[in-house]
Amino acid sequence: AVYVEKWCRRWVPEALDVLVTPTLTVLISGLVTIFGLMFVAGEISSAIGTFADWLLSNGGAGAGFVLGGLFLPLVMLGLHQALIPIHTTLIEQQGYTVLLPILAMAGAGQVGAA
C-alpha cells in the first residue's frame with residue numbers, strides 16, 4: 001500500500017490527490033490481497049489440513065496427547081482462532097473434523113482438574 005500511495009502522490013495532480021490517492025491505494029492493495037495473498041493462504045491452509053489429517057490418522061493417541069497439551073496455551077495467547085481454517089479444511093476434505101473434539105476435551109479435562 002505504501003508503494004502505491006507514493007506512486008500516486010508522484011503522478012496524480014495535487015487537485016485530485018485528496019480523492020484519487022486513497023481510492024487507488026485501497027483498491028489496488030485490496031485486489032492484490034484478495035487475489036494474491038488469499039490464494040497463497042488457501043494453499044498453506046490446505047497443506048496444514050493435509051498434515052493434520054495425516055498426523056491424526058498415523059499418530060494415534062500420541063498425536064491427540066500432543067495436540068491436547070498444546071491447545072490451552074494457544075487459548076491463553078488467543079492463537080486458537082488460527083485453528084479455524086484448519087477445522088474448515090478438514091471438514092472440506094473429509095466432511096468432518098476429529099481435531100475439534102480432541103481439543104475441546106483437552107480444555108474440559110484441564111478445567112475439570114482445576
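Condition test on Ala15, is it of a type in the set (A, V, I, L, M, F, W, C), assigned to a helix (DSSP H, G or I) and out of contact with any helix residue (DSSP H, G or I) (no Cβ under 6 Å at 6 or more places or on another chain)?
So Ala15 passes the test.
Restricting to region 64-88, count the residues that are touching a Gly at 6+ places or on another chain (Cβ under 7 Å) and aromatic (Phe, Trp, Tyr).
1
Which members of region 64-114 meet the condition of being outside any helix (DSSP H, G or I) and farther than 20 Å from Glu43 by Cα?
Gly78, Val98, Ala114
Gly109 versus (1) surrounded by fewer than 14 Cβ atoms within 10 Å (Cβ to Cβ); (2) without any contact (Cβ under 8 Å) to a residue 24 or more places away in the chain: which is the lone unmet condition?
Result: Gly109 fails condition (2) only.
Looking only at region 2-38, count how many residues are closer than 30 Å to Thr88 by Cβ, among the aliphatic types (A, V, I, L, M) and surrounded by fewer than 13 Cβ atoms within 10 Å (Cβ to Cβ).
Number of matching residues: 5.
Could you grab me the full set of residues in region 39-78 that are exposed (fewer than 12 other Cβ atoms within 10 Å of the Cβ) and of a type in the set (S, T, N, Q)?
Residues satisfying the conditions are Ser57, Asn58.
Each row is one residue, and each column tells you yes or no for (1) without any contact (Cβ under 8 Å) to a residue 12 or more places away in the chain; (2) over 30 Å from Trp7 (Cβ atoms); (3) small (Gly, Ala, Ser).
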position	(1), (2), (3)
Leu27	yes, no, no
Asp53	no, yes, no
Ser57	yes, yes, yes
Ala61	yes, yes, yes
Leu67	no, yes, no
Leu70	yes, yes, no
Leu74	yes, yes, no
Ala82	yes, yes, yes
Pro101	yes, yes, no
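Assuming Phe39 fulfils every condition listed in (1) modelled with pLDDT of 85 or more; (2) touching a His at 6+ places or on another chain (Cβ under 7 Å) apart from one, which condition is it?
(2)
Quick one: Thr33 ticks every box in (1) in contact (Cβ under 8 Å) with a residue 24 or more places away in the chain; (2) more than 23 Å from Val111 (Cα to Cα); (3) not aliphatic (A, V, I, L, M) except a single one, so which number is it?
(1)
The values are calculated or read from the model by the stated rules, or taken from the named source; none is laboratory data. Since the model is a prediction, treat every value here as computed from it, not as a measurement. Neighbour counts run over all protein chains shown; Cβ positions are idealised from the backbone, glycine included.
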